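Encoded as structure tokens, the structure appears first; notes follow it.
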Amino acid sequence: MTAEELQSGYVFLLDKPLDWTSFQAVNKMKYKLKREFNLPKKFKIGHAGTLDPRATGLLIVCCGKFTKRIPEIQDAPKEYWTEIKIGAQTESYDTEKPEILHQDIASVTEEQIHEVLEKFVGEIEQKPPVYSALKIDGQRAYDLARAGEEVEMKSRKTTIFYIQDIKIDLPLISFTVGCSKGTYIRSLAHDIGQELGVGAYLTQLRRTKIGNYTIENATTDFLENEYRFDGL
């Protein structure tokens, strides 16, 4: 890898660790690349699709002229390995907030779970989580929510292409989901819980695929060819 290659266009496939924001990962990479390769101050770098801090998995980072490909990559279908817990909810729809609204799940059957999951395959209406990076009147929804303000999220259409590899070990349910751009898996977990009548929230989320890019080709320790991103 050379400075010329990075500026001409380069794609990194990273396996984002838990509790890192996508911005933090890109910022650290930018700093290290600029220092190692003596790149100009205005060196372009950006990611193609945010991953929540509580999610892990594939984060695509484009450098140089390949930053022009970011919109194209962002529009590609995504795939996630997902784990949810039924019988409780959280305000954030994931593990960021503590459990609330506990309910008995003794009457929930595996057949019922499969039937409910099947209902979500296809085009669906979905409300993004209040604790999300979407902007409302110029402010991030999660900033408003954390400040104690009431936030009204508008429903929008999204598509679930498939839900497969379903494993049930109550109160946990795991599956692989393929979806279109803009799908919130946290909202999907919440909505599955509402359909089951016992509540649910996301316990684990790992992005495994974006278009033709897969997690198998990503690096877990921020190695890319001969270059090592220590300290991330």
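For region 188-217, a tally of residues being part of a loop (DSSP other than H, G, I, E, B), more than 21 Å from residue 159 (Cβ to Cβ) and open to solvent by 20 Å² or more (accessible area, probe 1.4 Å) returns 1. For residue 82, the test of being among the hydroxyl-bearing types (Ser, Thr, Tyr) and under 25 Å from residue 209 (Cβ atoms) is passed. As a summary of the residue check, residue 185 satisfies the conditions (1) under 18 Å from the mean Cα position of the chain (by Cα); (2) open to solvent by less than 80 Å² (accessible area, probe 1.4 Å); (3) at pLDDT below 95 except for the one numbered (3). Scanning region 34-62 for residues that are of a type in the set (A, V, I, L, M, F, W, C) and touching a residue at least 60 places away in the same chain (Cβ under 8 Å) yields 48, 51, 55, 58, 59, 60.
If only residues of region 119-155 that are within 20 Å of residue 185 (Cβ to Cβ) and part of a helix (DSSP H, G or I) are counted, the one that is farthest from the chain's Cα centre (by Cα) is 119. Taking each residue of region 205-232 that is among the aliphatic types (A, V, I, L, M) and looking for partners that are at pLDDT below 55 with beta-carbon atoms closer than 7 Å, six or more apart or interchain, yields 232/222. Evaluating residue 116 against the criteria (1) of a type outside the set (S, T, N, Q); (2) in a loop (DSSP other than H, G, I, E, B); (3) out of contact with any strand residue (DSSP E or B) (no Cβ under 9 Å at 6 or more places or on another chain); (4) surrounded by 15 or more Cβ atoms within 10 Å (Cβ to Cβ) leaves one unmet condition, (2).
The values are calculated or read from the model by the stated rules, or taken from the named source; none is laboratory data. As the structure is a computational prediction, the values presented were derived from the model and not from experiment. A quick note on method: Cβ atoms are made from the backbone with ideal geometry, for glycine too, and the neighbour counts reach across all protein chains shown. Note: accessible area is taken over every heavy atom of the protein model, side chains too, but ligands, DNA and RNA are not part of it. Shrake-Rupley method; radii C 1.70, N 1.55, O 1.52, S 1.80 Å.
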